[in-house]
Amino acid sequence: MTAQPPSVPLIGLPHGVQIPQVGLGMFKIDDPDMAGVVDVALRAGYRHFDLAAYYGNERAFGHALRESGAARDELFLTSKVWNTDHGHTEALAAFERTRAHLGVDVLDLYLIHWPVPSAGRYLETWQALEGLQQQGLTRAIGVSNFTRTHLERLLAQSDVKPAVNQVELHPYFQQRCLRTFHHEHGIVTQAWSPLGRGAVLDDPVVVEIAARHHVSPAQAILRWHLQLGTVVFPKSSSPARIAANIDLFGFELDEDDMQRMRSLDRGRRTGPDPDSM
Ligand code: NDP
């Protein structure tokens, strides 16, 4: 394993926890590809992996990690409690399964994957996560796909503030209001589908900005995220793209580039609406 590239910034979470601003998204990394992907990612300098019980590959990831010989304390591992495991007892059991599958004692960040407002149990689920953090079983806790309404309810009715909210965020869906709300409440924004699942890569504005900086469209988009201050974890199974997606520190977008990227917002999600999941 190579040393942590000093260029990947660390973002502060509560209690002195630090999360690398770039990680690898693990959704749709198939089990047969896992060992190769983890090996390539570690060599490229990734130390942060974004996982979830729902992705069905935690066991394969845990196995690949042990085979790699990577030092646990150099890694940042996130996982998430799935929608069918909301509730206090259910969430604790889901966490234990995740811990066993990954083969780790302590997780770095554990999230509620979706609020599932129709089930009405995210506050109860959150209390379970608070307990896990108090016991030292996860270093930080947060949420995913929470709208401002869900966050306001959580903040009003719980003792611990979410360290992060992981939401769909890319140039076509920039979430400016929610990002401002996060900023006001000290919640770190994590961007899922940071490349819009590839949909933004052919945009003429992105292509032009990338060409001028002699980088790929994906690198230009990821650099935009970094300059906004969001945490990103693009998914790739390709060794070349895994390496390129963390090679983001030899160039910088200027104010004009950032303004032009800002103009691409269409204000429409491509993924599910958190209120109807
Ligand atoms: P991304 O925006 O990361 O896009 C991934 C797609 O882009 C893949 O098809 C990949 O193909 C391709 N790609 C990656 N890098 C490049 C590149 N440099 N050039 C061209 N194409 C590229 O979408 P995801 O939806 O996968 O999101 C990333 C991560 O976010 C997930 O893996 C997961 O960890 C998290 N997530 C969380 C959700 C939540 O509800 N909390 C929901 C969805 C995602 P290839 O593999 O062939 O390179």
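The values are calculated or read from the model by the stated rules, or taken from the named source; none is laboratory data. If you're wondering where the values come from, they're calculated on a predicted model, not measured in any experiment. Counting neighbours? That spans all protein chains shown, and the Cβs are built from the backbone with ideal geometry, glycine included. When the accessible area is computed, the model is the full protein with side chains, heavy atoms only, and any ligands, DNA or RNA have been set aside. Shrake-Rupley method; radii C 1.70, N 1.55, O 1.52, S 1.80 Å.
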>> I'm trying to understand the selection: among the residues of segment 163-182, which are out of contact with any strand residue (DSSP E or B) (no Cβ under 8 Å at 6 or more places or on another chain) and closer than 23 Å to Q133 by Cα?
In response: none
> Only one of (1) part of a strand (DSSP E or B); (2) more than 14 Å from the ligand (Cβ to nearest atom) fails for L77. Which number is that?
Replying inline: (2)
>> I want to confirm something. Restricting to segment 142-161 and keeping residues that are at pLDDT 95 or above and in a loop (DSSP other than H, G, I, E, B), which single residue is nearest to the ligand (Cβ to nearest atom)?
In response: N145
>> I'd like the full set of residues that are open to solvent by less than 10 Å² (accessible area, probe 1.4 Å) and within 15 Å of the ligand (Cβ to nearest atom), limited to segment 162-181.
In response: P162, A163, V164, N165, Q166, V167, E168, L169, H170, P171, Q174
>> So in segment 22-41, with the set limited to residues that are open to solvent by 10 Å² or more (accessible area, probe 1.4 Å) and touching a residue at least 40 places away in the same chain (Cβ under 8 Å), which one is nearest to I187 (Cα to Cα)?
In response: F27
> Taking the stated definitions as given, is G136 open to solvent by 10 Å² or more (accessible area, probe 1.4 Å), in a helix (DSSP H, G or I) and under 26 Å from Q18 (Cα atoms)?
Replying inline: no
>> Anything in segment 199-256 that is within 15 Å of the ligand (Cβ to nearest atom), basic (K, R) and surrounded by fewer than 18 Cβ atoms within 10 Å (Cβ to Cβ)? List them, or say none.
In response: R241
> Which of the residues belonging to segment 182-198 are under 20 Å from G267 (Cβ atoms) and either within 16 Å of the chain's Cα centre (by Cα) or crowded, with 19+ Cβ neighbours inside 10 Å (or both)?
Replying inline: H182, T189, Q190, A191, W192, S193, P194, L195, G196, R197
>> Here is a list: G87, G45, G69, G16. Which entry is more than 14 Å from the ligand (Cβ to nearest atom), without any contact (Cβ under 8 Å) to a residue 12 or more places away in the chain and small (G, A, S)?
In response: G16
> Within segment 83-112, how many residues turn out to be part of a loop (DSSP other than H, G, I, E, B) and surrounded by fewer than 23 Cβ atoms within 10 Å (Cβ to Cβ)?
Replying inline: 5
> What residue, of D203, D254, D247, is over 17 Å from the mean Cα position of the chain (by Cα), among the acidic types (D, E) and under 23 Å from D33 (Cα atoms)?
Replying inline: D247
